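Please read the structure below before turning to the comments.
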Amino acid sequence: MRKKIIAGNWKMNMTPTETKELISKLKDKCNIDEVDVLFVVPAIDVTTAAECLKGTKIKLGTQNFYYEEKGAYTGETSAKMILDAGATYVIIGHSERRGIFKEDDEMINKKLIAAHKFGLKPILCCGESLELREKGTYKLFIEGQIRSAFDGISKDQAIDTVIAYEPIWAIGTGKTATSEEAEEVCKFIRETIKNLYDVETSDKVRIQYGGSVNAGNAKELFGKEDIDGGLVGGASLKEEFINIVNYK
Ligand code: 13P
């Protein structure tokens, strides 16, 4: 039985001061056993968030890192810095990083390898554009993203990777995929992992859905067989997130 994992991706929101305020509003009611709850905050907020979350079960992550160990990479953050600051998870390959910051499949693969090498737990994002959804070739595209990201990743590392299916057309648009549409792709991703590894790996790997998740649709989405939780953007910045993690 896979434990659900529900993560709030704060994106580029919240100063360290605002981080304290938001966490103080959310933490008691998000401090639950039933699901893994994760706050994925900007790198500058990790130290503050880690301090605020001390003594809770809520896990902490950040939204990006660079795959090299250290050195002359102005503006970048290493895995060691993130871990030392108190976060354990990292998002890799979010569509905003692929689209706005031009991260390609090769870089995403390097980041996935490096996250495992340096001890960060990755959340690997995939998902198609509206154009590919309408063309009908979205599964082929997602299979390509998964195959490329997992190149050189061992079975144990694959099991320890969270995958987030985030159709780009559903992100920040209020246009959620239906639970059937989300389930279809999450099942397909599991099938792809089975083909790349084996049934044990595909049974254990956790696959989230992301894209306009809110308190009204969480129960329906997370009730699906192959959807093991969510990656929540806008609604994770509000008290609504409490209702999402307590969706049952
Ligand atoms: P929204 O929940 O705001 O649509 O964002 C989804 C997302 O991109 C989470 O990573």
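Just so you know, all these numbers are worked out from the coordinates, no wet-lab data involved. Since the model is a prediction, treat every value here as computed from it, not as a measurement.
Our coupling estimate for region 17-26, obtained by passing each phi through the Karplus curve with A = 6.51, B = -1.76, C = 1.60 and θ = phi - 60°, is 5, 5, 4, 4, 5, 5, 5, 5, 6, 9 Hz, Gly and Pro reported as x. The Cα center of region 104-128 and the Cα center of region 56-72 differ in position by 11 Å. Please list log₁₀ I(q)/I(0) at q = 0.15 Å⁻¹ for region 1-87, using the Debye equation with identical point scatterers on the alpha-carbon positions. For region 1-87 at q = 0.15 Å⁻¹, log10 I(q)/I(0) is -0.57. DSSP finds beta bridges in region 108-248, and of those with both partners inside it, around 0 percent are antiparallel. Measuring max minus min along each principal axis, the C-alpha atoms of region 110-248 give extents of 38, 36, 25 Å (largest first).
For a 19 Å ceiling on Cα separation, which of these pairs sit above it: Lys27/Lys111; Lys121/Lys155; Lys59/Lys80; Lys135/Lys224? Check vs 19 Å cut-off fails for Lys27/Lys111; Lys135/Lys224. Within straight-line reach of Lys110, meaning a Cα separation under 19 Å, sit the following aspartates and glutamates at least 8 residues removed in sequence or on another chain: Glu68, Glu69, Glu76, Glu96, Glu143, Asp151, Asp156, Asp160.
Rounded, prolate or oblate: which fits region 168-248 when a ≥ b ≥ c are the square roots of the eigenvalues of the alpha-carbon gyration tensor, with rounded for a/c under 1.5 and prolate only if a/b beats b/c? Verdict is prolate for region 168-248. For region 117-197, dividing the convex hull volume of the Cα atoms by the residue count gives 99 Å³ per residue. How much of the DSSP bridge set in the chain is antiparallel, in percent, rounded to the nearest 5? Here the antiparallel bridges make up roughly 0 percent for the chain. Is it possible to state the helix-based mean residue ellipticity at 222 nm for the chain, with each DSSP H run of 4+ residues giving -39500 (n - 2.57), the sum divided by total residues, to the nearest 500 deg cm²/dmol? What is it? The helix contribution divided over the chain gives -12000 deg cm²/dmol. At the listed q of 0.16, 0.17, 0.21 Å⁻¹, the Debye profile of region 68-181, built from one uniform point per Cα, gives log10 I(q)/I(0) equal to -0.79, -0.88, -1.21.
Centre-to-centre separation between the Cα atoms of region 211-248 and those of region 171-209: 16 Å. Treating each Cα of region 150-209 as an identical point scatterer and summing with the Debye formula, the log10 of I(q)/I(0) at q = 0.30, 0.31 Å⁻¹ comes to -1.23, -1.29. Dimensions of the chain from C-alpha coordinates, computed as largest minus smallest value along each principal axis and given longest first, are 45, 45, 34 Å.
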